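One structure is given below, encoded as structure tokens.
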Ligand SMILES: *Cc1c(COP(=O)(O)O)cnc(C)c1O
């Protein structure tokens, strides 16, 4: 094996770098990338909502590790041909499957700019850190939290919620007389437990497992007919758990459940948490942003009373993945639960590390990207009012869809429409067919495979339902008309062919 020195001698005299050899050629490629992507985004409506991947494309991802590069031009071509057309469709105007988010052109460019200057966002003495501080202050204000609220931008709602739960766990352990940072939960005879409704998102179970609480620490409270947590049942569970020696530490409310869009009674939960001396966390992954709208705000009343709030900006905030936020009212508790010091990271009074690493001290990541830039640029460019208009439009379109479903003799609304999620079934009233589950499941698959639209499926009250979750700023009313028409046509032809068979 040659020494690195010999290798260096045998290679060309110019030094090795990952910068372009020819900046002018790279510049024209980069311009083409931007142009192509803007063409893609501005013509989405004319493209199918989804394309199933041809086997040749699927099989093409078995290439061996490249030892010699093909150059940026050829690598870009591979992206255009084999990657760009075959995504899950979430940026398309007729995507309403799951609560995802469709991104924005400005967000895309902001991500490019952030990656271009590529700052290290543990904190440090730099303008990008001030941008994140400013964004956190704006987000707290947008959601009615006090100006001293602490927070952190993170990858997604899961992380935002789990980080909050970690702070709640620290505070709960302290109240129970131990230091969970030093001792963990090893050998505790009085387990810490927390409460959420049976509709809570999977982050709560994952988080309980990850934080060493174990998922049995997640106490699932029954819901009422509107899929909201049952307050009476919650009180009784807390009482019974205390009696049997468990240590309740937190109540989780959801503003916008992933299944039906239901919003827990957050005022009620805040009252119960206060009376019981428990941490109150709100999972507002997508629903928290309803707070921006004066018309929708009453539905999430009580949200600003949260001790911690996790919410996404890559769902209803429409920013490109990944972008979410944790807000924690008690900044001291936040720091005490998370902060670390190391000699090589000790802050100085001046220089690059002055001011320390506030963001690294609020979460798990040390090296963090500059995701704050896309939030900052969106809020500056569009203003909160325009973002609010987009959110209100989504709710209006969901209401339009729900009304159309109720008027149709062939369709059934299977859960109360709440916020922006509509769960429906094709089930003509006059028909005798009983196997609607299988037919509705097939309708969803065919809508997707034919590239018509992307709803998802779920189970509501034991029955398969077509689920439309609208956080899409590109959707227009005509898209929902097209959806209804397609569901009815597919349903008709599927039930005809099945009753023959
Ligand atoms: C999407 C969602 C989450 C998880 O957020 P990610 O950004 O996907 O990690 C948590 N809770 C609710 C209610 C959600 O809708």
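The values are calculated or read from the model by the stated rules, or taken from the named source; none is laboratory data. Computed from a prediction, not measured in an experiment: that's the story for all the values here. Every residue, glycine among them, receives a Cβ derived from its backbone with ideal geometry; neighbour counts consider all protein chains shown.
Can we say residue 465 is touching a helix residue (DSSP H, G or I) at 6+ places or on another chain (Cβ under 8 Å) and part of a strand (DSSP E or B)? In short, yes.
Do we find that residue 473 is buried (at least 17 other Cβ atoms within 10 Å of the Cβ) and in contact (Cβ under 8 Å) with a residue 12 or more places away in the chain in this structure? Walk me through how you get there before you give the answer.
Values: buried (at least 17 other Cβ atoms within 10 Å of the Cβ): yes; in contact (Cβ under 8 Å) with a residue 12 or more places away in the chain: yes.
For residue 473, the condition - buried (at least 17 other Cβ atoms within 10 Å of the Cβ) and in contact (Cβ under 8 Å) with a residue 12 or more places away in the chain - is met.
For the stretch 223-254, the candidate set comprises residues that are under 17 Å from residue 213 (Cβ atoms) and within 16 Å of the ligand (Cβ to nearest atom); within that set, the residue that is surrounded by the most Cβ atoms within 10 Å (Cβ to Cβ) is 252. Of all residues in the stretch 202-235, those satisfying the criterion of being farther than 19 Å from residue 416 by Cα and not in a helix (DSSP H, G or I) are 202, 211, 212, 213, 214, 218, 219, 220, 221. If the condition is being assigned to a loop (DSSP other than H, G, I, E, B) and within 25 Å of residue 320 (Cα to Cα), then the stretch 468-501 contributes 470, 471, 472, 473, 474, 475, 476.
Going through the stretch 421-437 one residue at a time, which ones are surrounded by fewer than 17 Cβ atoms within 10 Å (Cβ to Cβ) and either in contact (Cβ under 8 Å) with a residue 12 or more places away in the chain or in contact with a strand residue (DSSP E or B) (Cβ under 7 Å, 6 or more places away or on another chain) (or both)? Steps first, please.
Let us first name the residues in the stretch 421-437 that are surrounded by fewer than 17 Cβ atoms within 10 Å (Cβ to Cβ), namely 429-435, 437.
Within the stretch 421-437, 429, 430, 431, 433, 435, 437 qualify.
Would it be correct to say that residue 432 is more than 28 Å from residue 52 (Cα to Cα), out of contact with any helix residue (DSSP H, G or I) (no Cβ under 6 Å at 6 or more places or on another chain) and not in a helix (DSSP H, G or I)? Answer is yes for this residue.
Would you confirm whether any residue within the stretch 261-274 is modelled with pLDDT under 95 and either within 12 Å of the ligand (Cβ to nearest atom) or more than 26 Å from residue 414 (Cβ to Cβ) (or both)? Yes, because at least one residue in the stretch 261-274 is modelled with pLDDT under 95 and either within 12 Å of the ligand (Cβ to nearest atom) or more than 26 Å from residue 414 (Cβ to Cβ) (or both). For residue 174, the conditions (1) under 22 Å from residue 196 (Cβ atoms); (2) in contact with a strand residue (DSSP E or B) (Cβ under 9 Å, 6 or more places away or on another chain) all hold with the exception of (2).
Does the stretch 39-59 hold any residues that are part of a helix (DSSP H, G or I) and either in contact with a helix residue (DSSP H, G or I) (Cβ under 7 Å, 6 or more places away or on another chain) or modelled with pLDDT under 95 (or both), and which are they?
Going through the stretch 39-59, the residues part of a helix (DSSP H, G or I) turn out to be 39-42, 44-46, 55-59.
Within the stretch 39-59, 41, 57 qualify.
For beta carbons closer than 7 Å, sequence separation of 6+ or different chains, a first residue in the stretch 2-29 that is in a loop (DSSP other than H, G, I, E, B) and a second that is modelled with pLDDT of 95 or more and surrounded by 10 or more Cβ atoms within 10 Å (Cβ to Cβ), the qualifying pairs are 20/26. Confirm whether residue 373 is crowded, with 21+ Cβ neighbours inside 10 Å, more than 16 Å from the ligand (Cβ to nearest atom) and within 20 Å of the chain's Cα centre (by Cα). In short, yes.
Yes or no: residue 81 at pLDDT 95 or above, within 30 Å of residue 44 (Cβ to Cβ), out of contact with any helix residue (DSSP H, G or I) (no Cβ under 6 Å at 6 or more places or on another chain) and part of a helix (DSSP H, G or I)?
Working: at pLDDT 95 or above: yes; within 30 Å of residue 44 (Cβ to Cβ): yes; out of contact with any helix residue (DSSP H, G or I) (no Cβ under 6 Å at 6 or more places or on another chain): yes; part of a helix (DSSP H, G or I): yes.
Yes; evaluated as a whole, the condition is true for this residue.
Scanning the stretch 391-417 for residues that are crowded, with 19+ Cβ neighbours inside 10 Å and part of a helix (DSSP H, G or I) turns up 391, 394, 395, 397, 398, 401, 402, 405. The single condition among (1) more than 22 Å from residue 172 (Cβ to Cβ); (2) at pLDDT 95 or above; (3) within 16 Å of the ligand (Cβ to nearest atom) that residue 292 does not meet is (3).
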